[in-house]
Amino acid sequence: MTSDGAHPRARYPSDLSDEEWAIIEPIINELDPYKTGRKRESNLREILNAIFYLNKTGCPWRYLPKDFPSYHLVNYYYNKWTHSGLLEQINAALRARLRQKEDRNPDPSGAIIDSQSVKGTPESSIESGFDGGKLVKGRKRHIVVDTMGCLLVVYVHAANIFDGKAARDVLTRLFVILQSV
C-alpha cells in the first residue's frame, strides 16, 4: 500500500481492480463489520488478492509470494470467511446486484443443474470413485446456476455417486443457502 492510501497497480492477473474492490469492500464491511478491539491492521483487499492468487495458481499456502500478507493471516481469514459463510454471502450479494443491473428479480426463480466427472489425483483418493457412465475414476462436481449463469451451488463428491442421489444433496444445499441469504 502506498503512503497516500491509494492501492498500487495490480501485480498479478488475479488481483482485484479498483472497480472490483469498490464493489466488494462495502459488502465485506456490511456482512463482517469490525466493531470490537483494536483497529484492524490487515488490508482486506490484499488478503482477498492472496486468496484469489492461491485459487488461480493452486500453489501451496507456504509458497504464497512474500509481497502478500503472511500466509498464516491469509489462511486465518480464508477459514473464518469460509466457516461463517461470508464468501457465499458475498457471492449472493454480487449475484443480486448483477441481476438488478440487468432488470431481473434479485432472487432467481429458475436454475440449471449439471455435473462433470474428472480424473482424480493422489490427493483426492480419499473420496473418489468410478463413474461407469463416463468411464472415469475420480470425482464428480455438480453446479447449480441461475438462468443468467450466476453460480448458486457447487458440490464435489466421489464420481461413483449416482446423479439422482447427488442432485438431492445439491438441491438441499441450494435451499439452505437461499434461506440463509
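For this structure, a couple of remarks:
- The residue pairs whose first member lies in region 145-162 and is open to solvent by 20 Å² or more (accessible area, probe 1.4 Å), whose second member is acidic (Asp, Glu), and whose beta carbons are closer than 7 Å, counting only pairs six or more residues apart or on different chains, are Met148/Glu102; Tyr155/Asp169; Asn160/Asp131.
- Any chance Lys137 is open to solvent by 100 Å² or more (accessible area, probe 1.4 Å), out of contact with any Asp or Glu (no Cβ under 7 Å at 6 or more places or on another chain) and under 28 Å from Cys59 (Cβ atoms): yes
- Taken together, the residues in region 35-52 that are touching a His at 6+ places or on another chain (Cβ under 7 Å) and hydrophobic (A, V, I, L, M, F, W, C) amount to 0.
- Check on Asp15, of a type in the set (D, E, K, R), in contact with a Lys or Arg (Cβ under 9 Å, 6 or more places away or on another chain) and in contact (Cβ under 8 Å) with a residue 60 or more places away in the chain: no
- Any hit, region 96-109, residues being touching a strand residue (DSSP E or B) at 6+ places or on another chain (Cβ under 7 Å) and modelled with pLDDT of 85 or more: yes
- Every residue from region 163-177 that is open to solvent by 70 Å² or more (accessible area, probe 1.4 Å) and either farther than 16 Å from Leu87 by Cα or of a type outside the set (Val, Ile, Thr) (or both): Lys165, Arg168, Leu171, Thr172, Arg173, Phe175
The values are calculated or read from the model by the stated rules, or taken from the named source; none is laboratory data. Since the structure is predicted, the reported quantities are computational estimates derived from the model, not experimental observations. Using ideal geometry, Cβ is built from the backbone for each residue, glycine included, and neighbour counts are taken over all protein chains shown. When the accessible area is computed, the model is the full protein with side chains, heavy atoms only, and any ligands, DNA or RNA have been set aside. Shrake-Rupley method; radii C 1.70, N 1.55, O 1.52, S 1.80 Å.
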